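The values are calculated or read from the model by the stated rules, or taken from the named source; none is laboratory data. None of the values given here were measured: they were computed from a predicted structure. Cβ placement follows ideal geometry from the backbone for every residue including glycine, while neighbour counts extend to all protein chains displayed.
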Amino acid sequence: MAGVSRGGVWALEIGFRNSDIIQRVGALSPALNVNYARPEFDPFSLILLGNLPSTIFLMSGDPDYASKKTLELSEALHEADIEHRYVLVSGNHESSTWRGILPELLHYLSVDW
């Protein structure tokens, strides 16, 4: 499961809550900075519960408004010793940035499938 911007947040929320059926999650520029989810849906809170998908891919653009919170999520995953990949690319919160990272995202999510 993967998503972009608000869809990236939803992919994280759904994937983190359903790791028994969703083992691969990708979030491109997840709009975590405007996400006001209740704790049972908040990706940051869900990290503390553990039992997350085995494959997590995060990406944001350098000047992207979503980059700060995406980096914070990556750091929270790292602190919880949860394997994941975080990629910071040059580009803003726009489709041309996301199109450029799609091959890497798809490879990462499917390499051992």
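Out of Pro30, Pro39, which single residue is farther than 26 Å from Thr97 by Cα and either touching a Ser or Thr at 6+ places or on another chain (Cβ under 7 Å) or modelled with pLDDT under 95 (or both)?
Pro39
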Subject >> Unique match (being out of contact with any Pro (no Cβ under 7 Å at 6 or more places or on another chain), part of a loop (DSSP other than H, G, I, E, B) and of a type outside the set (Val, Ile, Thr)) among Leu52, Leu71, Leu46, Leu77 >> reply: Leu52
**OP:** Could you list all residues from segment 26-45 that are in contact (Cβ under 8 Å) with a residue 40 or more places away in the chain and not polar (S, T, N, Q)?
**Re:** Gly26, Ala27, Leu28, Pro30, Leu32
Original post:
Which members of segment 89-113 meet the condition of being surrounded by 15 or more Cβ atoms within 10 Å (Cβ to Cβ) and either part of a helix (DSSP H, G or I) or without any contact (Cβ under 8 Å) to a residue 12 or more places away in the chain (or both)?
Top reply: Thr97, Trp98, Ile101, Glu104, Leu105, Tyr108, Leu109
**OP:** Select, from Leu71, Leu49, Leu88, Leu106, the only residue that is closer than 16 Å to Arg24 by Cα and of a type outside the set (Lys, Arg).
**Re:** Leu106
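Suppose we keep only residues that are more than 14 Å from the chain's Cα centre (by Cα) and over 17 Å from Arg6 (Cα atoms) within segment 51-88. Which one would you say is surrounded by the fewest Cβ atoms within 10 Å (Cβ to Cβ)?
Here the answer is Asp81.
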Subject >> Matching option when the condition is aromatic (Phe, Trp, Tyr) and out of contact with any strand residue (DSSP E or B) (no Cβ under 7 Å at 6 or more places or on another chain), among Phe44, Phe57 >> reply: Phe44
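Just wondering, is there one or more residues in segment 40-50 that are β-branched (Val, Ile, Thr), crowded, with 16+ Cβ neighbours inside 10 Å and within 10 Å of the chain's Cα centre (by Cα)? Outline the logic, then answer.
At the first step, the residues of segment 40-50 found to be β-branched (Val, Ile, Thr) are 47.
Of the ones still in play, those that are also crowded, with 16+ Cβ neighbours inside 10 Å are 47.
So of that shortlist, the ones also within 10 Å of the chain's Cα centre (by Cα) come out as none.
So far as segment 40-50 goes, no, none of its residues is β-branched (Val, Ile, Thr), crowded, with 16+ Cβ neighbours inside 10 Å and within 10 Å of the chain's Cα centre (by Cα).
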